[in-house]
Structure formats: structure tokens, C-alpha cells
1. Cα centroids of the stretch A:38-58 and the stretch A:224-297: how far apart, whole angstrom?
2. Would you check the accessible area of A:SER247, probe 1.4 Å, heavy atoms only, in square angstrom rounded to 10?
3. Relative to the longest principal axis of the C-alpha atoms of chain B, give the angle of the C-alpha long axis of helix B:250-260, reported between 0 and 90° and rounded to the nearest 10°.
4. Among A:ILE149, A:ALA180, A:ALA192, whose Cα sits farthest toward the positive end of the charge dipole of the stretch A:130-197 (+1 at Cβ of Lys/Arg, -1 at Cβ of Asp/Glu, about the Cα centre)?
5. Accessible surface of B:ARG281 in the full protein assembly, 1.4 angstrom probe, to the nearest 10 Å²?
6. Against the longest principal axis of chain A, how steep is helix A:28-39, in degrees 0 to 90 to the nearest 10, with axes from Cα atoms?
7. Just the ratio, please: alpha-carbon radius of gyration of the stretch B:164-272 over 2.2 N^0.38 Å, N its number of residues.
8. Place the label 7 angstrom along Cα→C-beta at A:SER249 and in each other copy, then list the distances from the first to the rest in nm, shortest first.
There are 2 protein chains.
Amino acid sequence: MTALDLTTDVVDLTRALVDLPSESGAEARIADAVEHALRGLGHLKVDRVGNTVVARTALGRDRRVLIAGHLDTVPAAGNLPSRLAEGRVHGLGACDMKGGVAVALRLAATVPEPAVDLTFVLYECEEVEGERNGLNQLTPEVLAADLAILMEPSDAGIEAGCQGYLSADVVVRGRRAHTARAWQGVNAAHRAARVLQRLDDHTAERVVIDGLEYREGLSAVAVRAGVAGNVVPDECVVSVNYRFAPSRSTADAEEYVRGLFPEYEVRVTEVVAGAPPRLDRVAELVEALGAVPRPKLGWTDVARFAALDVPALNYGPGDPSLAHTAGEYVPVGQLRACERSLRAWLLR
Amino acid sequence: MTALDLTTDVVDLTRALVDLPSESGAEARIADAVEHALRGLGHLKVDRVGNTVVARTALGRDRRVLIAGHLDTVPAAGNLPSRLAEGRVHGLGACDMKGGVAVALRLAATVPEPAVDLTFVLYECEEVEGERNGLNQLTPEVLAADLAILMEPSDAGIEAGCQGYLSADVVVRGRRAHTARAWQGVNAAHRAARVLQRLDDHTAERVVIDGLEYREGLSAVAVRAGVAGNVVPDECVVSVNYRFAPSRSTADAEEYVRGLFPEYEVRVTEVVAGAPPRLDRVAELVEALGAVPRPKLGWTDVARFAALDVPALNYGPGDPSLAHTAGEYVPVGQLRACERSLRAWLLR
């Protein structure tokens with residue numbers, strides 16, 4: 001088993017984590033290494049659920065903070081092993097989110113007596129279907145906390161809350177015909193022009209919550225029509241993805257999309273609530289970190305905590321727009337800044 | 001080898017041909033049977049090229065008529081073996097075009113001294129890519145004739161000439177973005193609304209040649225866009241199929257389509273000329289058959305003969321709209337009518 005040295009520098013630790021490949025579904029090796037390293041610390045109670053490792057202090061503090069990071073990455077893209085160059089750690093998952101995991105592990109190892117009780121959750125399968133997500137395998141009791149910090153890349157700033165999302169198929173129907181007698185049919189692809197034009201004309205709302213703007217978006221992400229090269233298609237399916245402000249419930253979001261396409265069949269294939277920023281409940285941390293909160297555009301596991309009424313925010317090293325790119329990296333400065341700021345806050 | 005009895009009734013012969021499965025590319029068995037039956041006749045010189053059988057008289061007549069039918073069918077659809085019910089032969093290829101082939105073989109067997117020299121061409125691979133078509137494997141000398149009759153289903157009427165067709169991809173471009181920040185991209189699917197609306201608004205021309213209306217048609221046959229469920233697509237491809245009157249050249253047709261979409265990349269993937277009806281050159285046959293010519297809507301191998309300057313028409317039993325359907329059939333009355341009319345003309 002690869003041994004992780006949690007007393008080493010956060011940069012070396014990030015590189016060691018990157019060099020432990022852990023594509024979603026294949027996290028056993030990295031989970032073994034993380035579990036072994038945490039069990040060696042003494043001040044933490046360590047549990048393992050699948051390839052998710054949970055480590056908790058039990059100091060009897062009146063508040064508990066949960067710090068979470070996922071161990072898995074998307075598939076490699078020629079970006080292994082790790083590489084340190086020009087103040088950046090490059091490599092698979094460096095940004096999303098081995099850098100954040102390294103910070104969490106450094107805090108676990110080096111802050112044995114924090115001002116609050118801590119729960120560290122290093123989990124599997126975040127990059128795949130929600131049902132497989134390691135957080136989904138844990139009970140609400142394990143996830144219970146007064147505050148959760150998700151170490152997702154947020155450029156070492158605070159990204160609060162997150163958008164919800166809805167996926168739906170808008171189905172446009174017609175009638176098949178041979179293209180040599182096209183007038184005998186009704187071309188569903190031609191009729192889909194109205195759906196696509198409506199999307200093009202649509203102005204997404206800009207919803208402000210706690211001073212943060214959760215700009216919405218409604219996009220066609222796929223269009224599918226086609227029977228054969230000589231057939232007028234009788235169906236055209238426009239798949240839309242709606243990113244909605246956390247002030248909307250999933251029911252609101254669904255009603256909104258259905259309302260835009262009242263004359264078509266709308267099949268909602270997935271809808272997931274967002275998370276409101278709840279800045280009132282994270283004010284102390286925000287102030288301590290000295291960062292100006294930004295709205296999280298995109299969906300993250302903070303929504304899972306919101307559903308459990310645990311206020312949560314994203315705070316981690318790395319530019320989120322680099323996630324899942326072959327060239328992803330994490331700046332050394334951000335690794336150190338996150339570790340330093342959180343340690344200071346935990347030791348306050 | 002299955003023996004075909006060409007002295008039998010055209011209905012029994014149609015059924016025997018249907019019961020010899022001959023999906024495109026697997027015509028060896030039926031071609032063997034046809035070749036063997038024709039070689040047994042004595043008054044015909046028989047050649048074989050691949051799975052195409054050519055049989056010719058050499059009576060020194062001053063005119064030569066070519067009678068052609070393809071041996072292959074589309075794949076079976078639970079419609080074998082053949083079945084005779086309510087005056088119809090049902091089964092794979094009954095309509096397209098074993099019925100027409102049966103008529104041709106009956107004429108080959110029973111008209112040893114026609115008023116014109118005859119060339120019978122029973123060919124392979126009509127239902128697949130044009131390069132594989134059996135007619136394509138024959139030299140212009142073999143196909144030379146003063147008139148060609150294609151026994152394609154035309155409801156025992158005359159369908160003259162045929163439309164040309166053009167396939168092209170109209171490419172709409174945009175710029176990718178994450179759907180959580182959709183405004184950073186340009187949605188190619190949304191922009192494709194204009195292409196589809198233009199197709200919907202388009203009025204196809206109606207071109208009259210020799211009194212026959214070759215109604216054109218321009219159809220989207222496929223729309224493809226989609227990168228991932230959370231990505232604003234940067235490309236949307238609308239595949240169009242243009243059926244054009246035989247008065248247009250392929251260059252005209254291409255210019256016409258490009259002219260409709262001047263602001264987009266248009267990739268022409270295939271363009272095939274049609275065939276003008278040339279009723280002046282088929283007048284005698286039309287009169288003899290006593291049928292009112294109709295325009296052929298769709299493309300058939302008559303265009304190959306037109307390219308060789310051989311006037312050609314479609315004349316065969318079966319409703320063309322039943323071609324390629326699981327329920328295809330050919331009416332017994334049409335089988336007999338076609339055989340009777342052509343025999344009378346050949347013996348005139």
C-alpha cells in the first residue's frame with residue numbers, strides 16, 4: 001500500500017494524491033492510503049464505508065464543522081504523473097480536487113485540538129451518477145454538522161450555495177413520409193424550429209439571494225432527429241438543461257419549463273434542487289476567511305447538505321473552470337492560502 | 001440448387017422468387033436459379049457478372065429493348081415465406097420487386113421471337129450503396145438499347161423519368177460553455193432554429209416536363225447536436241435531402257441548396273441526377289400499354305439509363321408506397337396485366 005505522509009508539505013501531499021490514480025469506481029487504493037494515514041493519527045475516530053473514509057474528533061465542543069472532499073477523478077487524459085512547474089501542481093485531479101483533499105488531510109493531521117469538533121469526509125464517486133456518490137451512502141447522523149465546507153475548487157474563495165438543475169426532453173412530433181413525397185408528411189425537425197427559436201429568444205432570470213446573483217440559464221444541450229436519409233422524420237427531441245436559482249423548488253423549476261413549452265410533450269428526466277447561500281449561518285467563517293462570497297454557478301454536493309439543513313459552502317484551491325480539463329492544475333499559492341486560513345480559523 | 005420453372009404461372013413464379021431469400025449482398029442462390037433457368041431456354045445468350053444475370057436475344061432486329069429488375073430485397077421483417085391471400089402475393093420483396101422479376105422471366109421464357117431484340121438484366125444490390133449496384137458492374141455496351149423498361153413497382157402504370165436527389169449537411173456553429181454559465185457560450189442548437197425555420201418556410205417548386213409534374217421537396221432528414229448534458233453545444237448539423245426535378249443538373253441542384261443557406265457551411269455529401277421522362281422517345285410503348293404516364297417521384301435506376309442516353313421508364317406490378325414495408329404485397333391482377341400487356345407489345 002502506498003503510504004501517505006500527512007506531515008509533509010501540502011504541495012508534496014497533493015502530488016502524492018494525484019499520483020494515486022482514482023478514477024470513479026476505482027478508489028480502493030487511495031481510500032486505503034487515506035484510511036491508513038488517518039488511523040495513524042490517534043485523535044480521530046476513523047470509519048470506512050465502501051471507499052469513503054470518515055474521521056471525527058470527539059472533543060465535546062458545542063459545534064461541529066464538516067470538511068469534505070471527493071477522492072475520485074474523471075478518467076485520465078494523458079495528465080499523469082503529477083508535475084510541479086511555475087508554482088503550479090499539474091496533473092489529473094490536481095484542481096478537482098486532490099488539492100482540496102490535501103488541505104483537508106493536512107488539517108486533520110496538524111490540528112489535533114480545534115476550536116470546534118471536526119468531521120472529515122473523503123468520499124468516492126462524486127464524478128458519476130448521484131446514486132453512487134459516497135455521501136449518499138452515509139447516514140444523516142454521520143453528516144450532521146453546524147457547518148459544512150466542501151473543498152471543491154473555488155479559486156481559494158468562497159462560493160456559496162449552488163444552482164439547481166433540471167434536464168428535460170421537449171418532444172416535437174410529425175408524420176413520416178418518403179422525402180420524394182415530402183408533402184405527404186409533417187417534418188418534426190422543421191417544426192422544432194419553434195422550440196429552438198423560443199430557447200434562443202428566452203431571457204434567463206437573474207435572481208439575487210443574500211446579495212449574490214444566481215444567474216439562470218436554459219440551454220438546448222442536444223437535438224436528435226433522423227430516421228433515414230430519405231425519410232421525413234416524425235420526431236425531433238430537443239433536450240434542455242435548466243440551471244435554476246436556489247430560491248426555486250424543483251416543482252417550481254419543472255412548472256417553469258413546462259410553461260415555456262405548453263404545446264409539446266415535456267419529459268423531465270432529472271431535477272435536483274440547488275442550495276441557498278444561507279450567508280447568515282456562515283457569517284463567522286466568511287469573516288474569518290476574509291473572502292467576499294460569490295454565488296456558485298453549477299451544482300455541487302453543498303446541495304446534499306442543504307437538504308439536511310446543514311449550511312454549506314464551497315471553499316477550495318483551484319480554478320473551477322479547469323476541472324475536467326487535460327491541463328488542470330492547482331496553484332501552490334492557493335494550496336497554502338487555504339490551509340493557512342482554515343488552520344487559523346480552527347485554532348481561533 | 002432451387003430450380004425455377006419459368007413455364008409456371010406468374011403468381012407461382014413470384015412466390016418461388018419470394019421464397020428464395022436474397023437480401024442485398026446474398027443474391028448468389030437466386031442468381032444461380034435465374035441463370036440456370038435462363039440457360040435452359042436456348043434462344044437466349046446468358047452471361048453472369050457477379051450475381052447479375054444478363055440474357056439476350058440476337059435476332060438481328062433493328063431495335064433492342066432492355067427489361068431489367070433487381071433480385072435483391074431489403075432485410076426480412078417477419079414476412080417470409082410467401083403467402084397468397086385475397087388475390088395478393090404477400091411476402092418479402094413481393095412488391096419490390098420479385099413480382100416484376102417474375103414478369104420479366106415469364107417474358108424471357110415465353111416470347112422466343114419478339115418483334116425487337118431483347119436484353120434481360122436481373123441484377124444484384126439495388127437496395128444498397130450505388131457503387132455496389134449490379135448495373136454499375138456492366139459495360140455501357142451490355143446496357144445499350146433503344147428503350148429500357150425497369151420493372152420497378154408502379155402499380156402496373158407507367159412512371160416516367162425520375163427525380164434527382166442531393167444530400168447535404170448544413171453546419172451551424174457556436175461556442176461551447178458549461179450550461180451553468182450558458183451566457184459565456186453561443187448555443188449552436190439555438191441558432192439552428194433559423195435553418196429549420198427556413199426549411200419550414202420553403203416552398204418547393206413544381207416543375208412540369210412533358211406534361212408531367214415533378215414536384216420537388218426539401219427536407220431536414222436529421223438534426224444532430226449534443227456534447228454532454230451540461231455543455232452548450234458548439235455545433236448543430238442539419239442534414240437535408242433535396243429531391244429535384246430532372247430538368248435540373250446536379251450543379252444546379254447544388255447551387256440551389258447553397259443559395260438557400262449562404263451564411264452557413266454546406267457540405268454536399270451526395271448528389272445524383274434524375275432522369276427526364278423523354279416521352280417523345282417512349283411514345284410507342286406508352287401507347288401500346290394504354291397507360292397515362294405519371295412522373296416518378298423518387299429515384300430509380302432509370303437515371304442510370306438516362307445517363308447512357310437510353311430512354312427508360314418504370315413499369316411494374318405493385319404499389320410503390322408498399323416497398324420496404326413488412327406488409328408489402330403485389331396484386332395478382334397487376335402481375336397478370338403487366339405480363340399480358342408487355343407480351344402483346346413484344347409480339348406486335
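1. Taking the Cα centre of each part, the stretch A:38-58 and the stretch A:224-297 sit 36 Å apart.
2. Accessible surface of A:SER247 is approximately 70 Å².
3. In chain B, helix B:250-260 runs at an angle near 30 degrees to the longest axis.
4. A:ALA180
5. Ignoring ligands and nucleic acids, B:ARG281 comes out at about 90 Å².
6. The two axes meet at around 30 degrees.
7. Numbers: Rg = 16.4 Å, N = 109, 2.2 N^0.38 = 13.1 Å.
That ratio works out to 1.25.
8. 6.8
The values are calculated or read from the model by the stated rules, or taken from the named source; none is laboratory data. Predicted, not measured: the structure shown is a model, and the values here were computed from it. All Cβ positions, even for glycine, are placed from backbone atoms using ideal geometry, and neighbour counts span all protein chains on display. For accessibility, only protein heavy atoms count, side chains too; no ligands or nucleic acids. Shrake-Rupley method; radii C 1.70, N 1.55, O 1.52, S 1.80 Å.
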